[in-house]
Each structure stands twice: as structure tokens, then as C-alpha cells.
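For reference, the structure discussed in these notes is given below.
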Ligand code: FAD
């Protein structure tokens, strides 16, 4: 099924992201965890893709496996920062042959060695190419957006203008980077709607369930960390059980506030942890009609 069809639903939907392993050795473990998540029947799942293309085979295999074995709609990511047009053509053929109908089209972070694709500068180029190579309606395409602005772009108005180009090139929906204060999202939604971007925007919620995650993913993303969140990590960060519970509750609180403010479709960064997905889904069981 196309993700755009799922997003036409006026009911609340919860979807979850998983990431494939970089090495084949750990594929079975990741596939098992992702399979447990899929068995909980999220509305759809996304599978990330290494910026340098190093996870290409594992992304495709995991996406296909989840879709075939668990009958869950999958959104497979694809990055272009280090890809040639031939690489993209090959991946599109591969995704298509595996029954993948949805692609999250991304540029990817610029590699440390500075080596860039000669064919693609930005995600918008990839979006145009996917539609040109595969046909305009073969894949439902999603794009990334940044409520606090993308780190490389100094002015948010410019970032939003670039975002509009992506939507006009053929993105049917957008998913946001993590944020920990919902006002950041409401402000962003107001600004992009004012700029004429009308596609569905899925807030990306990251449940923080261990202290290291704050230093790693949160610091890398550049997301602002509110004081109450900091205090929570200070208080429970050294006790894994308490930190996990606090992190799931914080994320659930963000989600219920989004729902109360009319946001229906929410994407959760699962970090490949079924217990986090279970905690979130249990918090919304009646709302989801389960
Ligand atoms: P773009 O949309 O190309 O934007 C990148 C920068 O270029 C922005 O600052 C933008 O303002 C600027 N820009 C865009 N167009 C123009 C233009 N025409 N002229 C000048 N400047 C321009 N990374 C991975 O490697 N794998 C993943 O699976 C992955 N999944 C992600 C999922 C989500 C929901 C999000 C939010 C991010 C994800 N990322 C992933 C990270 C992402 O690849 C990086 O944030 C990357 O730096 C930007 O990718 P983008 O697609 O947003 O790029």
C-alpha cells in the first residue's frame, strides 16, 4: 500500500522507523527485533539507508522481509549524497522487484572525506530522478524536514523555500527530525503552511531511553533539549529501567499533545527496540482501537 493512502485516514496512525545493520553478521538480530515490531501491526514501518550506500542490500532485504512476512507497509529510505544515477536506477529496480511502493528520498549527510555524487546535489534532484526513471506514480515519495532548521542552512526561510521545492518535485508527505518541545513543531507547521506547503507532515518522535542516546543522536541532530528533559535524564539516566520508562512516558506525552492539537499521523524512531514500541502502543491502545 502507498503511505499516502494511509495518511488519508482521519484516525490516528503510529508508524515506526528501524535501521538495518551495517554488517551482515548482525542482520539476523536486527531482523528479529524489526519483525517483533512489525508483529505489533504499526500503520507502516520505515527502514533507513546508510548515507554512503553501505546498507543498500540490508535495507532492501529487511524492507522486503517485513512487508512479506508481516504484511506491514514499508517505506524504504534511499540517499543520494554518494550515489551515481546508475546506482539509483539499480536501487529503484531492486525496490520495485521486491514489492516496495514507498521511498523516503534523502540526500544523506555529507561524508567526512567530502566525496560527493556527481549526479546529485540535493534530495530534490533524487526526487525528480525517481519520478523520471521509474515513472511519476510508481513510488510514493516522502522527504525529510527540520522543525529547527537543517544544520547547514543559516536561515529557516531559505530552508523552507528548499522544502517547498522538494514538495513541488513530488513529495507526497514529509517526516520531521526529532524534537523535544512540541511548540517547535507547531511553529514550524505554521510557517510551512504559510509558505504554501500543504502535504501531510509526520512529526518524528524519538523516545530517549538511555543516557548515551542524548550525547549521540540528540547532539548530532542539533535538536534543542528543554530543561525538563535534561532534568529527567539527570535523574534517571543511570538506571536503565527507570530511564526507559521515563523516556517512553515523555514520548507518549509528546504524542498525546500532538493528537490533542489535531496531528493525526506520528512517526516514532524505534531504535530497533520492540519494548519501546510496545510501551508506546500500549499507551494508545484505546485511541488506536486495539
Ligand atoms: P536536502 O533536502 O537536500 O537538504 C539538505 C540541505 O541543503 C538543507 O540545508 C537545505 O536547506 C539545503 N538545500 C536544499 N536544496 C537546496 C538548493 N536548491 N540550494 C541550496 N541549498 C539547498 N540519513 C541517512 O543517511 N539515511 C537515512 O535513512 C536517513 N533518514 C532520515 C529520515 C528523516 C525523517 C530525517 C529527518 C533525516 C534522515 N536522514 C537520513 C538524515 C539526512 O540525510 C540528513 O539530515 C541530510 O543532511 C539532509 O538530507 P535531506 O534529504 O533533508 O537533504
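No lab work stands behind these numbers, since they all come straight from the coordinates. Remember, it's a predicted structure, so these values are computed and weren't measured experimentally. Ideal geometry is used to build each Cβ from the backbone, glycine not excepted, and the neighbour counts take in all protein chains shown.
Things worth noting here:
- Ranking of 101, 154 by count of other Cβ atoms within 10 Å, fewest first: 154, 101
- Rg(Cα)/(2.2 N^0.38 Å) for segment 73-211, N = residue count: 1.07
- Value of Rg to Rh for segment 116-193 (Rh from inverse mean 1/r over Cα pairs, i.e. Kirkwood): 1.00
- Mean residue ellipticity (222 nm) of the chain, computed from DSSP H runs ≥ 4 via -39,500 (n - 2.57), nearest 500: -13500 deg cm²/dmol
- P(r) for the chain, from all Cα pairs and a bin width of 10 Å, is 6, 29, 38, 24, 4, 0 %, short bins first.
- Kirkwood hydrodynamic radius of segment 129-249, Cα pairs, Å: 16.0
- Computed over segment 1-58, relative contact order equals 45 percent, with contacts defined as Cα pairs under 8 Å that lie 6+ residues apart.
- Cα-based shape type of segment 109-159, given that a ≥ b ≥ c are square roots of the gyration tensor eigenvalues and the cut on a/c is 1.5: oblate
- Short-range pairs are left out: with C-alpha atoms under 8 Å and at least six residues apart, the relative contact order of segment 3-203 is 15 percent.
- Cα-only Debye scattering, segment 183-290: base-10 log of I(q)/I(0) at q = 0.19, 0.21, 0.22 Å⁻¹: -1.06, -1.23, -1.31
- In terms of the mean number of neighbouring beta-carbon atoms within 10 Å, the peptides 50-58, 122-130 order highest first as 122-130, 50-58.
- At 0.692 mPa s and 37 °C, Stokes diffusion of segment 152-195 via Kirkwood alpha-carbon radius, µm² per second: 289
- Kirkwood radius for segment 235-290, taken over all pairs of different Cα atoms as the inverse mean of 1/r, rounds to 12.1 Å.
- With kT/(6 pi eta Rh) evaluated at 10 °C and eta = 1.306 mPa s, and Rh the Kirkwood radius from Cα pairs, segment 1-96 diffuses with a coefficient of 114 µm²/s according to Stokes-Einstein.
- Taking 0.36 nm per residue of sequence separation and removing the Cα-Cα distance, the residue 32/residue 8 pair yields an extension gain of 5.6 nm.
- Length added when fully stretched, residue 194-residue 225, from 0.36 nm per residue minus Cα-Cα: 8.5 nm
- Mean separation of Cα contacts under 8 Å, 6 or more apart, over the residue count of segment 1-117: relative contact order %: 26
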